[in-house]
Every structure is written in C-alpha cells, then in structure tokens.
Amino acid sequence: MTETSEFPLRPLPALTKDTEAFWTGGKDGQLLIEQCDRCAYYIHPPTGFCPQCESRDTHFQPVSGKGRLLSFSINHRKWMPELPERYVLGIVTLAEQEEVRLVCNVVNCDPDAVEFDMPVKVLFEEQDGCWVPLFEPDGDAT
Ligand SMILES: [Zn+2]
C-alpha cells in the first residue's frame, strides 16, 4: 500500500451495508467489487442486485485492481481548502469487466503525463476508517 498526502482531508462517503465492503477492503489491500453469485457479473456501484440476471445473491470479490483510464479531467480550481488545486479525476474500467467503472483520483504522476487508455493500478488512502481507492500509473502493464 502506498501512502499519498495530496489529499490531507478528503470528503468521505457515507458507508451503508451495500457499500461498506467496497470502502473498507483496502484495509487488507483488496479492491472488493460486488459480484453476482449466479452469473458472476460484477456490479458497481454495489446495490445488492444483479442487473444481468436479477439475482439478489451477491458477494464481494477481490479483483486485480488493474484497469485502464477510460476518461479523465484535470481540476485546476481549489474548490475546498482541503483539496489540492490541481488533481486528476478519472474514470477507470477494471480489467475483469469493462462495464465496471470507478470514478477516482489518479495520483503519483504529473497531471500533464496522464493519457487516455493508460494502464493503471489501485492503491488506497485511509482516512477515518475508510480506504479510498485511488489509481496510479501501472508501469508493469503494456
Ligand atoms: Zn447475475
């Protein structure tokens, strides 16, 4: 797990029974994505319901944490005193299933070096019991 201090005080999500596993899996270094027991479809954001086969039998499955940057935006404005002035907000598609899209910050790289379709991997930033998934360039991927 890599620590980053770009976001000293990040606004945190409210944890619910549907989302708690997703937000706390980073404690064990795992990105946990809800998966359907019946058809193995990955469901994100977690809802307890499979849109593919309409099953309500689901569990949280550790995934590789690897994916690609589908789209991104570079923020240039200081919206809140706790947030850095310049940061990257991205949409990542996971290697396991393209339809799983995570909205997240891309860190540990110069925002000007961020590219579409860039391979990325997950890391976590802990704050107040919430392990926020972030992504950084995956130098090992091609
Ligand atoms: Zn299903």
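Structure values in brief
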| read-out | value |
| --- | --- |
| Restricting region 69-124 to trypsin sites (Lys or Arg not before Pro) in coil, as DSSP defines it, with at most 15 other Cβ within 10 Å | 77, 78, 86 |
| Residue order, fewest to most beta carbons within 10 Å, for 92, 103, 114, 63 | 103, 114, 63, 92 |
| Neighbour-count order for 74, 43, fewest beta carbons within 10 angstrom listed first | 74, 43 |
| Nonlocal amide H pairs with residue 19, under 5 Å, H built at 1.01 Å | none |
| Distant-in-sequence amide H partners of residue 31 (H built 1.01 Å from N, under 5 Å) | 63 |
| Order of 80, 118 under a 10 Å beta carbon neighbour criterion, fewest first | 80, 118 |
| Among 79, 23, 131: highest mean-square fluctuation, GNM of the chain, C-alpha pairs under 10 Å | 79 |
| Candidates 83, 123, 70, ranked by Gaussian network fluctuation over the chain, Cα under 10 Å, top entry | 83 |
| Region 20-137, relative contact order in percent, only Cα pairs under 8 angstrom and at least six apart counted | 24 |
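None of the figures in this text is laboratory data; all of them are computed from the coordinates on show. Keep in mind the model is a prediction, meaning the values are calculated, not measured. No Cβ is skipped: glycine too gets one built from the backbone with ideal geometry, and neighbour counts run over all protein chains shown.
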